[in-house]
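The values are calculated or read from the model by the stated rules, or taken from the named source; none is laboratory data. The structure displayed is predicted, hence computed values, not measured ones. Note: ideal-geometry Cβ built from the backbone for every residue, glycine included; neighbour counts use all protein chains shown. Each accessible area value is taken on the protein alone, full model and side chains, heavy atoms only, with ligands, DNA and RNA left out. Shrake-Rupley method; radii C 1.70, N 1.55, O 1.52, S 1.80 Å.
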Amino acid sequence: MSLLVVGLSHRSAPVSVLERASLATDTQAKLLQDTLAAEPAAEGAVLATCNRIELYADVDKFHAGVAELSTLLAQHSGVGLEELTPYLYVHYEDRAVHHLFSVACGLDSMVVGEGQILGQIKDALALGQDLHTAGRLLNDLFQQALRVGKRAHSETGIDRAGQSLVTFGLQQLADGADVESWAKGKRALVIGAGSMSSLAAATLARVGVSEIVIANRTAARADRLVQILNEPGGPPMRSYGGGTGVAARAVEMVAVGDELTRADIVVSCTGATGLVLTGDAVETATAGREAPLALLDLAMPRDIDAAAHRMPGVRLVDIESLAEASADAPMAADVDQVRSIVSDEVAAFGAAQRAAHITPTVVALRTMAADVVAGEVARLEGRLPDLDDKQRAEITQTVRRVVDKLLHAPTVRVKQLASEPGGAGYADALRTLFDLDPETVASVSRADLNDADVKNRGRV
């Protein structure tokens, strides 16, 4: 396994750098395509959220891989390499696996224990599959990360350690008051209709706002979100937990200014590269109003002008202020249990990958043995043409049993040895000892990869 991850997050970089380095979906696709075009990388996947950007790759050279992935991140993020480099972290092989599993469990999140990262990991894998940049290693890795994250949430109380960014943001806006009491009866404006905005709408409905207005550039997505919100007693909002029957309606983006004057709470999370709410727009909307305006900006780069922090009657919570607030958040006792789960899963994943590495060699060995048996049986038939079918079948079966018994113990043992740390050399030893054709082994690997790709694409 030559897994490499190069990235930056809220733990390594200031929000101002993360904001500038954020990647739109089409930029992520171009980054993945360029990653595979780079010489050291055979597979690639990118995990881009509001507080992290990570590029995963299967590389054949560590130092060249780090240099290439760092350069690609700089090129596609628009932040110069010299400026970006001090904020980058690098993890390799088992450390890279440990990092992704920790991320999947919410241990590396701004709000420890939040579960939305699982959906973002799933989206990252789906993009890699759609572009055919995620091969067997990254398919296995991301699929297992999703399982580890779900296991952590089901077997421990990690959910108690923190909430989603939306819930945490609303708690900051409430400034110590009970969120439901603070939000009850208020009118909310949600700008955007993606996964984070949908989560925000569902959370606002759940805490008791009286009205939710959805503004989005794509009207169909806003209408769909409104339809789900307006279903009284209907099904929950997919993975978001809504469906409370709150009054909801959709508006076009040009109406945001008018809606801003009527809203009490605004949550914005779009993929826009510029400001959605300028300082002038916020100032105009708050002129002459008595009720305070609460703004929650979950976008990266920011949607709402930071100048709103200084405006009277306005409380703005954004990614930067959330990062500062979360630094003092208490850690739950369940975090240690999750860390133990991660360590066990990393060891199991490494063992499975090492064992899988030798499987093509074992298959090639057994194929060679079968060919030898077939050749010897054919030669025997030439020497003893008078054998009847029953005798021929008995001799063939006997020879096969002898070969199977001779190969059984060595192949079982070599798989066990190969699954242990440092066991990668056993496949080479087996190929050398039995003079196996490297092309035969490679063809088995290609067949396994194709089968795995078909299977994994159906599981996401």
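Under the simplified labelling scheme, the A67-E394 pair shows an inter-label distance of 6.9 nm, with each label point 7 Å from Cα along Cα→Cβ.
Once you have the alpha carbon radius of gyration of the stretch 50-132, what is it after dividing by 2.2 N^0.38 Å, with N set to its residue count? Kindly include the intermediate steps, with their values, before the conclusion.
On the way: Rg = 13.7 Å, N = 83, 2.2 N^0.38 = 11.8 Å.
Cα Rg divided by the expected 2.2 N^0.38 Å: 1.16.
For the pair Q416 and D26, a Förster radius of 35 Å applied to the C-beta separation gives a FRET efficiency near 0.15, rounded to the nearest 0.05.
For the chain, what is the accessible area per residue in Å², given a 1.4 Å probe and the full set of protein chains? Kindly include the intermediate steps, with their values, before the conclusion.
On the way: 21420 Å² over 460 residues.
Heavy-atom accessible area per residue stands at 47 Å².
Its relative contact order, with pairs defined as Cα atoms under 8 Å and 6+ residues apart, puts the chain at 14 percent.
Amide H contacts under 5 Å for L295: V266, R315, L316, V317, restricted to partners 5 or more places along the chain or on a different chain, H placed in the peptide plane at 1.01 Å from N. In the chain, the portion of solvent-accessible area held by carbon and sulfur atoms comes to 52 percent [1.4 Å probe, whole percent, DNA, RNA and ligands not counted]. Beyond 18 Å, how much of the Cα-Cα pair distribution for the stretch 98-161 remains, as a whole percent? Value for the stretch 98-161: 33 percent of Cα pairs lie more than 18 Å apart. Between V254 and S343, the modelled labels are 6.1 nm apart [label points 7 Å from Cα along Cα→Cβ].
Taking a 28 Å limit on the Cα-Cα distance, which of the listed pairs K30/K61; K122/K415; K390/K415 fall beyond it? Flagged as over cut-off: K122/K415; K390/K415.
How much net charge surrounds H76 when only other residues with a Cβ under 10 Å from its Cβ are counted (Lys, Arg +1; Asp, Glu -1)? Present the calculation step by step, with values, prior to reporting the outcome.
Details: positive: K30; negative: D34.
The answer is 0.
Straight-line reach from K405: which aspartates and glutamates fall under 17 Å, measuring Cα to Cα and dropping same-chain residues less than 8 apart? In chain and number order, the partners are D371, E394.
Count the net charge of all other residues whose Cβ sits under 12 Å from the Cβ of D264, scoring Lys and Arg as +1 and Asp and Glu as -1. It would help to have the intermediate numbers written out before the result.
Numbers: positive: K184, K186, R187, R262, R289, R315; negative: E211, E259, E290.
Taking every other residue near D264 into account, the sum is +3.
Counting only Cα atoms, the stretch 123-210 measures 50, 32, 17 Å along its principal axes, largest extent leading. Counting only Cα atoms, the stretch 306-410 measures 105, 31, 20 Å along its principal axes, largest extent leading.
Principal axis analysis of the Cα atoms in the chain yields extents of 107, 53, 42 Å, listed in decreasing size. Each DSSP beta bridge with both residues in the chain is either parallel or antiparallel, and the antiparallel ones are about 45%. Considering only Cα atoms, the convex hull volume of the stretch 1-155 works out to 95 Å³ per residue.
For the chain, the longest principal axis of the alpha carbon atoms and the long axis of helix 219-229 meet at an angle near 90°. Taking 7 Å steps out from each Cα toward its Cβ at A352 and S181 produces label points 4.8 nm apart.
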